[in-house]
Amino acid sequence: MDATDATDAAWEDSGWEHLAPGVGRCRLPRWDATAGLVAGRYGALLFDTGATLREGREVRMRAEAVLGRRVTHIALSHPHFDHVLGTAAFAGVQVYGAVGAEALLTRGSRGADALRQDAVRHGVPAAEAAEAVAHLVAPHHPVSGELTLDLGGRRVTLVNCGPGHTGHDLVLLVPGGREAGPAAGADGAGARTVVFCGDLVEESGEPQAGPDAMPARWPAALDRLLALGGPDALYVPGHGAVVDAAFVRAQRDVLAARSGVS
């Protein structure tokens with residue numbers, strides 16, 4: 001059975017939370033980071049890859065178990081270690097990231113060494129961090145604005161939605177309703193729109209603003225996110241449980257108050 005037709009039980013048996021026809025996410029251990037998966041008839045897109053090659057391999061096995069085939073596309077939400085260091089576990093994929101992220105994810109760069117140091121500082125064993133950075137994969141396709149991909153009967157859109165959490169925040173829009181297409185089953189009727197938000201939205205803790213964050217521009221990024229998904233979408237944060245538009249709006253207002261913007 002193809003993943004676009006798979007039941008909730010089939011997704012859950014493979015370690016995924018089933019969100020909509022052909023759409024799932026898993027919550028990775030330790031940092032509670034999200035990996036998202038969208039299946040079309042011939043393509044499959046993974047959104048984020050975990051914090052180590054070991055974690056990436058685990059995500060790959062889970063994905064292949066529900067897909068019955070391999071992942072063809074990867075989108076990286078932003079260049080932080082817990083979202084990108086598992087990418088090399090996936091051979092032959094096309095990798096997408098927000099424009100500018102590729103410079104920070106190039107092997108041998110200062111950005112790559114900063115990733116390694118950050119991973120170790122947050123508890124990744126030094127040898128695992130060094131291995132992942134030695135095999136770091138930079139995006140092949142920088143996204144500026146919006147880019148729609150056809151996975152076979154299902155179109156998804158990558159949107160450069162930042163800056164906010166970082167200077168390079170990419171989100172994934174998976175349309176519901178009739179826009180979901182035939183790969184979502186019954187022409188997508190009844191499917192809800194799903195938005196994979198990366199760390200522009202966090203549920204399991206307060207939004208994290210590191211040295212590469214742009215707090216004054218973060219609320220506007222969330223305005224764009226809400227405009228993309230609309231009031232009825234499922235919003236999948238970079239960390240934590242799936243939320244609704246009201247949660248995203250409330251988090252937007254908290255960030256705006258912190259940074260003194262309207």
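A Förster distance of 22 Å, applied to the separation of the beta-carbon atoms of Arg249 and Leu147, puts the FRET efficiency at 0.25.
Each Lys and Arg Cβ is given +1 and each Asp and Glu Cβ -1; about its Cα centre, the chain then shows a dipole of about 420 debye.
Scoring 158-166, 107-115 by mean Cβ neighbours within 10 Å over their residues and listing the highest first yields 158-166, 107-115. If the segment from Arg30 to Glu131 were pulled out straight at 0.36 nm per residue, it would be longer than the present Cα-Cα gap by 34.5 nm. A cut-off of 5 Å between modelled amide H atoms, ignoring neighbours fewer than 5 places along the same chain, links Val143 with Gly97, Ala98, Val99.
DSSP assigns beta bridges within the range 1-137; of those with both partners inside it, close to 65 percent run antiparallel.
Here the 3J(HN,Hα) profile of the range 77-88, calculated from phi with Karplus coefficients 6.51, -1.76 and 1.60 at θ = phi - 60°, is 5, 5, x, 10, 4, 6, 10, 10, 6, x, 4, 5 Hz, Gly and Pro shown as x. Each Cα pair under 8 Å and six or more residues apart adds its sequence gap; the mean of these over the residue count of the chain is a relative contact order of 16 percent.
With each label modelled as a point 7 angstrom along the Cα→C-beta vector, the Thr7-Met61 pair spans 2.5 nm. For the chain, DSSP calls about 65 percent of its internal beta bridges antiparallel. Dipole check for the range 59-113: with +1 at the C-beta of Lys and Arg, -1 at the C-beta of Asp and Glu, and the Cα centre as origin, the magnitude is about 200 Debye. All Cα-Cα distances of the chain, cut into 10 Å bins from zero to the largest, leave 8, 34, 38, 18, 3, 0 percent in each bin in turn.
Here, each number is a calculation from the coordinates, and none is a lab measurement. What you see is a predicted model; the values in this text were computed from it and never measured. Glycine also receives a Cβ, built like all others from the backbone with ideal geometry; neighbour counts cover every protein chain displayed.
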